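Peer 1: If you scroll down you'll find the structure; I have some questions about it.
The values are calculated or read from the model by the stated rules, or taken from the named source; none is laboratory data. Keep in mind the model is a prediction, meaning the values are calculated, not measured. Methodologically, a virtual Cβ is constructed for each residue, glycine included, from the backbone with ideal geometry; neighbour enumeration extends over all protein chains shown. Side chains are part of the model used for accessible areas, which takes the heavy atoms of the whole protein and leaves out ligands, DNA and RNA. Shrake-Rupley method; radii C 1.70, N 1.55, O 1.52, S 1.80 Å.
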Amino acid sequence: RAVGLALLTRTLRQTWTAWPTALMARGIPIRPGPLQTILSIRMFLASGEESDLTARFLFDTQRQRLCLPEFLPAPLIPPGARVEIEYVCGFGAPDDVPADLKQAALRLAEETYRRGEVPAVGAPLPSDVDAILKAYREMRL
């Protein structure tokens with residue numbers, strides 16, 4: 001997940017008890033990507049009541065971010081409530097994964113096998129793998 005990508009298609013869920021501060025300013029990045037579709041955005045109250053918020057949001061496909069329409073505030077999340085976004089992400093089937101990402105995964109597996117241990121979280125990637133993944137990293141300005 002060094003670049004926040006799901007290679008194969010899968011359905012995931014993120015949960016919030018408060019909206020991320022980025023929602024109002026620039027939208028919430030949906031990771032891992034690439035996002036295929038948003039299935040639902042629902043609020044669950046402490047009482048067990050559920051409401052569908054999907055129609056209140058937009059998805060910026062270019063930047064892979066969940067956004068609010070202009071001038072529309074985010075729905076209030078009351079104490080004890082939570083919001084869940086369920087979405088489908090990934091490139092698709094194994095044949096749909098870009099060849100360079102397949103190569104990076106194979107190269108990383110080869111390096112792990114050669115060393116005889118799984119690299120620690122945050123350990124530097126082999127330079128050739130890192131070079132491939134750079135093209136997929138989101139650039140921050």
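Peer 1: Testing the spin-label approximation: label points 7 Å from Cα along Cα→Cβ at ALA105 and MET24. State their distance in nm.
Peer 2: Each label point lies 7 Å from its Cα, and together they span 4.0 nm.
Peer 1: A further question on this structure: I need the per residue convex hull volume for the range 1-107, using only the alpha carbons, in cubic angstrom as a whole number.
Peer 2: On the way: hull volume 12.1 nm³, N = 107.
For the range 1-107, the hull spanned by Cα atoms encloses 114 Å³ per residue.
Peer 1: Would you calculate a helix-derived [θ] at 222 nm for the chain, using -39,500 (n - 2.57) for each DSSP H run of n ≥ 4 and dividing by the full residue count, to the nearest 500? Working shown, then result.
Peer 2: Working: 3 runs with 29 residues, N = 141.
Per the formula, -6000 deg cm²/dmol.
Peer 1: Helix 99-115: angle to the longest alpha-carbon principal axis of the chain, degrees 0 to 90, nearest 10?
Peer 2: With both axes taken from Cα atoms, the answer is about 60 degrees.
Peer 1: With the other protein chains left in place, how much accessible area per residue, in square angstrom, belongs to the chain at a 1.4 angstrom probe? Could the numbers behind the result be given before it?
Peer 2: Working: 9190 Å² over 141 residues.
Per residue, the chain has an accessible area of 65 Å².
Peer 1: Leaving ligands, DNA and RNA out of it, report the carbon-plus-sulfur percent of the accessible area of the range 25-108 at a 1.4 Å probe.
Peer 2: On the way: 2590 of 4630 Å².
Carbon plus sulfur share of accessible area: 56 percent.
Peer 1: While we're on this one: In what order, largest first, do PHE57, PHE91 sit by accessible area if the probe radius is 1.4 Å?
Peer 2: Numbers: PHE57 20, PHE91 55 Å².
Listed by decreasing accessible area, they come as PHE91, PHE57.
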